[in-house]
Amino acid sequence: MDVHVTRSDLRGTARAPPSKSYTHRALLAAGYSDGATVESPLISADTRATARAVAAFGGSVAPAGTDASTGGAESDLAGADALAVDGFGGRPAVPDDVIDCANSGTTMRLVTAAAALADGATVLTGDGSLRSRPQGPLLDALADLGVRAESTRSNGQAPLVVAGPLAGGEVAIPGDVSSQYVTALLMAGAVTDEGVEIDLTTDLKSAPYVDITLELLADFGVEATPVDGAGDPLDGAAGAAGFTVPGGQTYEPAGGSYAVPGDFSSISYLLGAGAVAAAPDEAVRIEGARPSAQGDAAIVEIVEEMGAPVDWDREAGEIAVERADLSGVTVDVGDTPDLLPTIAALGAVADGETRIENCEHVRYKETDRVAAMAEELEKMGAETTEERDVLTIHGGESDLRGATVDGRHDHRIVMALSVAALAAEGTTTVRGAEHVDVSFPGFFGTMADLGMTVDRD
């Protein structure tokens, strides 16, 4: 699907979708349990992949109020306000078929570790993009723990074969490729016999995503602890030298349910849109923005630093943002990789340079997001300089105009380019716009309700 976005004035109130990161973890945590309800989940292409994996391991996922044990049709999840998960009690069954993770890297990594618990072999695959993404460090870690964990093409990429069962133990793994490796081992390690101790061989990037995991595990009654180089406990994942998670634990949320918070990665596009296109003397308001462990909440401070008036009522969970003449900033995205596309789009509108540092790991997402944003924004008239670990947007030399740009089969690229299009002269065509279904299925409807002039074909 292509969308055609024309410069527009925005006003009104939008609600942020639920967090994709929390929904993935909550569905799998409920799968590890004897059964739980996940309230306010994000139903998207990626989270459906995790729901399918839970079912493949012997659990089931269905809208609350229906019989979860029947494992209702996948389409039945659409529009559900809550999902009833019939769990597999910490011991996944060997799947009857290959687990297709589609385009969801989070699903593949979290489910790879879960598969290691099964007493038999599991095969995992995904689409072309997912089959190009690195899984090697996690496979190596599982192999060091005594599990068969292989890439069928011997290149550290899917398809993967994993055969357990995993008993637990001590393992070393790099922290600078993907924090999802740590999350996967923590979640699976809690139900092993021995528990798991993780030593990081490199500094941890995207630490807030591990904080999300630690927060969610605590809500499910599971203990996991970040530690420093001396083995002493830390309050959060930042600066951790490793992690410990005792074995033999049980996943059981208080009251049998868990509520998913709003998603700050998705909020970034709404906030950015308001900063570049809110109608004069009016604001764009965003509901569902209650504080949580999400590192991407940093977008609020970034947009403020660029010069947009932002008012965040944390107790009410509402953000109001007004349009302003933005100025370039320097941002380190080591802990917030999903914000790079949004920051790049805002940098193309701002005066001066926007320098996005510590971003090499952002190249290993659904696409190389560093190169994608540089190349697509240049089609719109932006000036950029791309280095391996730095992306600089020369806003003062940019003059955005409508163009045809490629969303690169990546939901975040599509949404970020649509934000930039709001400030461009003329009409911008974004190809592959259907990929917003991965994390924000209602994005273009929400933007149209705010006043975006958008046509779809």
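Within region 83-112, the set of residues being under 20 Å from the mean Cα position of the chain (by Cα) and either at pLDDT below 95 or among the small types (G, A, S) (or both) comprises A102, N103, S104, G105. Contact map, region 422-438: residues that are acidic (D, E) paired with residues that are assigned to a helix (DSSP H, G or I), Cβ distance under 7 Å, separation 6+ or inter-chain. Pairs shown: D437/A45.
If you take the residues in region 200-239 that are surrounded by 15 or more Cβ atoms within 10 Å (Cβ to Cβ) and over 30 Å from G255 (Cβ atoms), which one is farthest from the chain's Cα centre (by Cα)? Among those that are surrounded by 15 or more Cβ atoms within 10 Å (Cβ to Cβ) and over 30 Å from G255 (Cβ atoms), it is V227.
In the set D176, D199, D193, D203, only one residue is out of contact with any Phe, Trp or Tyr (no Cβ under 8 Å at 6 or more places or on another chain), among the acidic types (D, E) and within 14 Å of G136 (Cα to Cα); that residue is D176. Scanning region 114-135 for residues that are more than 18 Å from M187 (Cα to Cα) and assigned to a loop (DSSP other than H, G, I, E, B) turns up G120, G126, D127, G128, S129, R133, P134. So how many residues does region 267-290 have that are touching a residue at least 60 places away in the same chain (Cβ under 8 Å) and assigned to a loop (DSSP other than H, G, I, E, B)? Total satisfying the criteria: 5.
Are any residues in region 390-428 more than 15 Å from A348 (Cα to Cα), of a type in the set (V, I, T) and touching a Gly at 6+ places or on another chain (Cβ under 9 Å), and if so, which ones? Scanning region 390-428 gives V414, T427.
Here is a yes/no grid of residues against (1) free of Cβ contacts under 8 Å to residues at least 40 places away in the same chain; (2) under 19 Å from Y181 (Cα atoms):
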{"site": "T213", "(1), (2)": "no, yes"}
{"site": "L216", "(1), (2)": "no, yes"}
{"site": "E223", "(1), (2)": "yes, yes"}
{"site": "P233", "(1), (2)": "yes, no"}
{"site": "G239", "(1), (2)": "yes, yes"}
{"site": "V245", "(1), (2)": "no, yes"}
{"site": "E252", "(1), (2)": "no, no"}
{"site": "G255", "(1), (2)": "yes, no"}
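Restricting attention to region 382-393, the residues that are closer than 16 Å to D406 by Cβ and not polar (S, T, N, Q) add up to 1. The set of residues from region 417-433 being out of contact with any Lys or Arg (no Cβ under 8 Å at 6 or more places or on another chain) and under 16 Å from Y269 (Cα atoms) comprises L417, S418, V419, A420, V430.
Against the test of being in contact with a helix residue (DSSP H, G or I) (Cβ under 6 Å, 6 or more places away or on another chain) and among the basic types (K, R), the options R148, R153, R133 yield a single qualifying residue, R133.
Please enumerate the residues belonging to region 203-216 that are of a type outside the set (D, E) and closer than 17 Å to V333 by Cβ. Let's see the steps before the verdict.
Narrowing region 203-216 to residues of a type outside the set (D, E): 204-210, 212-214, 216.
Correct list: L204, K205, S206, A207, P208, Y209, V210, I212.
Scanning region 162-188 for residues that are closer than 19 Å to S21 by Cα and surrounded by 23 or more Cβ atoms within 10 Å (Cβ to Cβ) returns G175, S178, S179, Q180, Y181, V182, T183, A184, L185, L186, M187, A188.
Checked against (1) surrounded by fewer than 24 Cβ atoms within 10 Å (Cβ to Cβ); (2) in a helix (DSSP H, G or I), S418 passes all but a single condition, namely (1). Of all residues in region 7-36, those satisfying the criterion of being of a type outside the set (K, R), outside any loop (DSSP other than H, G, I, E, B) and in contact with a strand residue (DSSP E or B) (Cβ under 8 Å, 6 or more places away or on another chain) are L10, G12, T13, A14, P18, T23, A26, L27, A29, A30, G31, A36. Report, by residue number, each residue of region 284-301 that is more than 21 Å from E357 (Cβ to Cβ) and either buried (at least 24 other Cβ atoms within 10 Å of the Cβ) or of a type in the set (V, I, T) (or both). Selection gives V284, I286, A289. Taking region 423-449 as the range and being of a type in the set (A, V, I, L, M), touching a strand residue (DSSP E or B) at 6+ places or on another chain (Cβ under 7 Å) and outside any strand (DSSP E or B) as the test, the residues that pass are A424, A433, M447, A448. Among the residues of region 19-43, those identified as among the hydroxyl-bearing types (S, T, Y) and surrounded by fewer than 23 Cβ atoms within 10 Å (Cβ to Cβ) are T37, S40.
The values are calculated or read from the model by the stated rules, or taken from the named source; none is laboratory data. Only a predicted model underlies this, so the values are computations on that prediction, with no experimental measurement involved. Methodologically, a virtual Cβ is constructed for each residue, glycine included, from the backbone with ideal geometry; neighbour enumeration extends over all protein chains shown.
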